[in-house]
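Below is one structure, written out as structure tokens; comments come after it.
The values are calculated or read from the model by the stated rules, or taken from the named source; none is laboratory data. Bear in mind that the values here come from a model prediction, so they are computed numbers and not experimental data. Neighbour counts run over all protein chains shown; Cβ positions are idealised from the backbone, glycine included.
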Amino acid sequence: MKVSLHSGDVTKLSTGLLGLLCFEEGMAEGAIYQAVDKALDGLLARLVAEEQFKGKKGQTLSLHTHGRIAPSRVLLVGAGARKDFAAADLRGFGARTMKAGASAQAKVVTAVLPYSEGASQERHAQFLTEGALLAAYRFDKYLTGERKKPEVVEELKLAMSPDNVDGSRLDAVKRGLQRAEQIAHAVSLARDLINEPAGEMTPKKMAEVAQRVAKQHGLEIKVLGPKECEKLGMGMFLAVAQGSEEEPRFIHLTYRPKGKTPAKKKVALIGKGVTFDSGGLSLKPSSAMEDMKVDMSGAAAVIAAIGVLADLGVPYEVHAIAACTENMPSGKSYKLGDVLKSMNGKTVEINNTDAEGRLTLGDAITYAVQECRVDEIFDFATLTGACMVALGPHTAGVMGNDLSLVERWLASARLAGEEMWHLPLPPGLRDQLKSDVADMRNTGERWGGALTAGLFLKEFVGDTPWVHVDIAGPASADKEIGHTPKGGTGFGVSTIVEYLASRE
Ligand code: BES
Ligand code: MN
Ligand code: ZN
């Protein structure tokens, strides 16, 4: 979709729909509202009064202009009280506007960008554009007939009041637009990978996608097959993979900043890449297995995000790592009671083959520590149902071994508008992972399952500052909310970009 800026008279702008944000205190862009109302001979204000449109959050009012002004429709979107408004809420406004435009069959959809002071204008432009672009996302490649509809909206315009336009403001808004397009592109890629059925999105396919991303963004790439993983001693990753007919692929993308100055730090972004999680011999019941194509959402997020980081030319060396495999039951599956040897030498007794994610991640973490010698590790994993029990379906659980890093990460998440919450790694729960025959076992007891999974991963990070993000809930949505459609969400991409390409 094309994205552009408009800073002229909106009443002369040919657009299928013009979206305007409204606070309880009044229109976000008073001048534009007045201009539209005037051109409509006061019709808008009369309608606002008649329909008791108060700008309450979620309230909308739409009006067909019947050719009295160039925009065919005007949509007022309530934003609630100004004091409760966060920049990230502009995504919701963008999404509302885009969805209303699409259902009105608009070729051009326009959203009015509210005026804001200084640097925040860039972020506002970004969020508004992101919301609109991401709300337009669809995964319809498998639909046929009636339900396969061509895309109607061809262009998104951001309108600014002519009085507020000067050179520096325009530059800021343009930067915001560009960042939004990059993020929306990456989030859409992650969503596509997650939404693709597991029968298609196999470990090999994931590696092909990573190759394409590497080519497009000028990244180094290494793809390891089972032989190479064996040489490195990835006993846990390979054990998970051994029950499947599909070969595993260990994907490693590297971005190095150009130029002579050395990278300021080295960061590993590790994503869980289980392309289908049946549970293995500890087989999941059918209902729990139904959605398990999403178990590679962490991998999708890191593969998509590193492309944006490269395009932005961030000053850090970044490694995106994804140990991709299926978790399947078969005559070759790893078994309960098996003792595995991990890449860092620790041995692990298996008491549940459905706790496979931590095994694949453990070896990926060791790889990041030993082979990439990174300064910081972030892992993203649809790791535990327990995390969803704790925090609900929209919030990621964040654990780590370095409080200041966790706090910086959470600050980025807040700015990016992704819901994350700090969970503890209580040392007292480590006993649950004790084994009589090995250094540890792979699962603890029922209560605190997200935390014991975190404690398991902690065994592999050593002294490297590390943040673990359990995205079991927010990786996919069971219904559409705002700019997030049903299905894969691309959760994580925005915060990764915010953290490593911050403007604050
Ligand atoms: N992939 C699942 C976790 C999951 C659950 C992701 C729901 C998304 C939605 C993970 O591999 C798993 O099976 N975890 C087990 C751990 C248990 C065996 C200790 C779980 O949460 O039940
Ligand atoms: Mn599992
Ligand atoms: Zn899993």
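The residue list Gly235, Gly225 contains one member that is in contact (Cβ under 8 Å) with a residue 60 or more places away in the chain and either in the same structural domain as Gly273 (by TED's automatic domain parsing) or buried (at least 23 other Cβ atoms within 10 Å of the Cβ) (or both), which is Gly235. Among the candidates Val36, Val108, the residue that is modelled with pLDDT of 95 or more and in contact with a Gly (Cβ under 8 Å, 6 or more places away or on another chain) is uniquely Val108.
A single entry from Leu269, Leu309, Leu340 fulfils the requirement of being in a strand (DSSP E or B) and over 23 Å from Lys204 (Cβ atoms): Leu340. Residues of segment 280-311 that are out of contact with any strand residue (DSSP E or B) (no Cβ under 7 Å at 6 or more places or on another chain), farther than 30 Å from Gln182 by Cβ and of a type outside the set (S, T, N, Q): Leu281, Leu283, Lys284, Pro285, Ala288, Met289, Glu290.
Could you say whether any residue in segment 252-263 is at pLDDT below 95, more than 13 Å from Cys324 (Cβ to Cβ) and of a type in the set (S, T, N, Q)? Within segment 252-263 (the criterion being at pLDDT below 95, more than 13 Å from Cys324 (Cβ to Cβ) and of a type in the set (S, T, N, Q)), the answer is yes, since at least one residue qualifies. Within segment 50-61, residues that are assigned to a strand (DSSP E or B) sit with their Cβ atoms under 6 Å from residues that are surrounded by 15 or more Cβ atoms within 10 Å (Cβ to Cβ), at 6+ positions apart or across chains, in these pairs: Thr60/Val77; Leu61/Phe53; Leu61/Leu76. When restricted to residues that are within 10 Å of ligand 1 (Cβ to nearest atom), of a type in the set (S, T, N, Q) and without any contact (Cβ under 8 Å) to a residue 60 or more places away in the chain, segment 272-293 contains 1. The requirement of being over 20 Å from Ile471 (Cα atoms) and within 16 Å of ligand 1 (Cβ to nearest atom) is fulfilled nowhere in segment 304-316; no residue meets it.
Within segment 24-68, the set of residues being surrounded by fewer than 20 Cβ atoms within 10 Å (Cβ to Cβ) and either outside the structural domain of Thr11 (by TED's automatic domain parsing) or β-branched (Val, Ile, Thr) (or both) comprises Val48, Thr60, Thr65. Residues in segment 272-286 that are exposed (fewer than 14 other Cβ atoms within 10 Å of the Cβ) and either within 10 Å of ligand 2 (Cβ to nearest atom) or under 25 Å from Met206 (Cα atoms) (or both): Ser286 alone.
Listed here are the residues, each with its yes/no results for (1) at pLDDT 95 or above; (2) surrounded by 22 or more Cβ atoms within 10 Å (Cβ to Cβ); (3) assigned by TED's automatic domain parsing to the domain that holds Thr360; (4) not in a helix (DSSP H, G or I).
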| residue | (1), (2), (3), (4) |
| --- | --- |
| Val152 | no, no, no, yes |
| Asp192 | yes, no, no, no |
| Ala210 | yes, yes, yes, no |
| Ile221 | yes, no, yes, yes |
| Ala239 | yes, yes, yes, no |
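For segment 489-499, the criterion of being under 30 Å from Arg175 (Cα atoms), part of a loop (DSSP other than H, G, I, E, B) and of a type in the set (A, V, I, L, M) is met by none of the residues.
Note on segment 15-67: residues that are small (Gly, Ala, Ser) and on the phi > 0 side of the Ramachandran plot amount to 5. In segment 33-48, the residues that are over 13 Å from Leu76 (Cα atoms) form Cβ pairs under 8 Å with partners that are among the charged types (D, E, K, R) and buried (at least 18 other Cβ atoms within 10 Å of the Cβ), at six or more places apart or across chains, as follows: Leu43/Asp37. Of all residues in segment 357-370, none are assigned by TED's automatic domain parsing to the domain that holds Pro474, touching a residue at least 12 places away in the same chain (Cβ under 8 Å) and part of a loop (DSSP other than H, G, I, E, B). Set side by side, the residues Phe127, Phe139 differ, and just one is touching a residue at least 60 places away in the same chain (Cβ under 8 Å) and either more than 30 Å from Thr325 (Cβ to Cβ) or part of a helix (DSSP H, G or I) (or both), which is Phe127. Got at least one residue in segment 414-422 being under 30 Å from Gly225 (Cβ atoms), among the charged types (D, E, K, R) and either modelled with pLDDT of 95 or more or within 16 Å of ligand 1 (Cβ to nearest atom) (or both)? Looking for residues that are under 30 Å from Gly225 (Cβ atoms), among the charged types (D, E, K, R) and either modelled with pLDDT of 95 or more or within 16 Å of ligand 1 (Cβ to nearest atom) (or both), one finds none in segment 414-422, hence no.
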